[in-house]
1. In degrees between 0 and 90, to the nearest 10, how far off the longest principal axis of the chain does helix 61-79 point, with axes built from Cα atoms?
2. With charges only on Cβ, +1 for K and R and -1 for D and E, what is the dipole size of segment 23-82 about its Cα centre, in debye, rounded to 20?
3. Placing unit charges on C-beta atoms (Lys and Arg positive, Asp and Glu negative, everything else neutral), compute the dipole magnitude of segment 75-190 about its Cα centre in debye, rounded to 20.
4. Could you pull out every residue, at least 5 positions away or on a different chain, whose amide H is within less than 5 Å of the one on Asp189? Hs are placed 1.01 Å off N in the peptide plane, and Pro or chain starts have none.
5. Note the angle between two axes, namely the Cα long axis of helix 111-123 and the longest principal axis of the Cα atoms of the chain, as a number of degrees from 0 to 90, rounded to the nearest 10.
6. Using the Karplus curve 6.51 cos²θ - 1.76 cosθ + 1.60 with θ = phi - 60°, what ³J(HN,Hα) values do you get for each residue of segment 81-98, in whole Hz, with x for Gly and Pro?
7. If you put +1 on each Lys and Arg Cβ and -1 on each Asp and Glu Cβ, how big is the dipole of the chain around its Cα centre, in Debye rounded to 20?
8. What is segment 36-119 by shape, rounded, prolate or oblate, if you read a ≥ b ≥ c off the alpha carbon gyration tensor as root eigenvalues and call it rounded for a/c under 1.5, prolate for a/b larger than b/c, and oblate otherwise?
Amino acid sequence: MSGQHTLPDLPYSYDALEPFISRQIMELHHKKHHQTYVNALNAAEAAYAKSSTPKERIALQAALKFNGGGHINHSLFWKNLAPAASEKKGHGGNLHDGPLKAAIEQAFGSLENLKKEFNTATLGIQGSGWGWLGLNPTTKRLEILTTPNQDPLLTHVPIIGVDIWEHAFYLQYLNVKADYLNAIWHVIDFQEAEKRLTESAKL
Ligand SMILES: [Fe+2]
């Protein structure tokens, strides 16, 4: 069905994140999984617009949250990945000197320490969910957070989000979530993360 929300194009080709995330995963994840969230969000919003009673609207809350969160989270996720510098394909994984590096060092001591703490917290999610590096809007410090299912990060400004649903890694990493989480740092787009950080400072 047609609707208000559409699947955003990836800012790189499906095989651009190899060998860290396979073409097969990227294609299915984008074309099938994300598209499904978009379609279901449009359907839920259309049903909500046509609803006439509180009961009907309450019944749509779960679908709006799940599919709306799925659309928001995946739209952020594609943009916080980039082809790997370690493969000479792009700037993924490279953290240059600047405000993001300074904020990471202030909060975690080093990038290596952030990765370690982020991976430990994200591995601790029971079932499906997301790992986040977020900016606390009150303290203006970076913090590591997790959300279950497709819940978007609402308490903090999302700087980096990592999908830890099985559909994000299983075809390549099977049950070894830790290998997926170690690999993904090679394709994290720290330039995009820094942009989110500096834009949030203007809020
Ligand atoms: Fe996903």
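Derivation of every value follows stated rules applied to the coordinates shown; laboratory data play no part. Every value quoted in this text rests on a predicted model; they were computed, and no experiment measured them. Here Cβ is always computed from backbone atoms with ideal geometry, including for glycine, and neighbour counts include all displayed protein chains.
1. Helix 61-79 and the main axis of the chain meet at about 30 degrees.
2. In total the dipole reaches around 40 debye.
3. Dipole of segment 75-190, to the nearest 20 debye: 160 debye.
4. Hits under the 5 Å cutoff: Leu81, Ala82, Gly93.
5. It works out to around 40 degrees.
6. So the Karplus estimates, Gly and Pro as x, are 10, 8, x, 6, 5, 5, 9, 6, 9, x, 10, x, x, 8, 10, 8, 4, x Hz.
7. Values: 19 positive and 20 negative charges, 94 e Å.
Using only the charged Cβ atoms, the result is roughly 460 debye.
8. Prolate shape, in that a/c is at least 1.5 and a/b is the bigger ratio.
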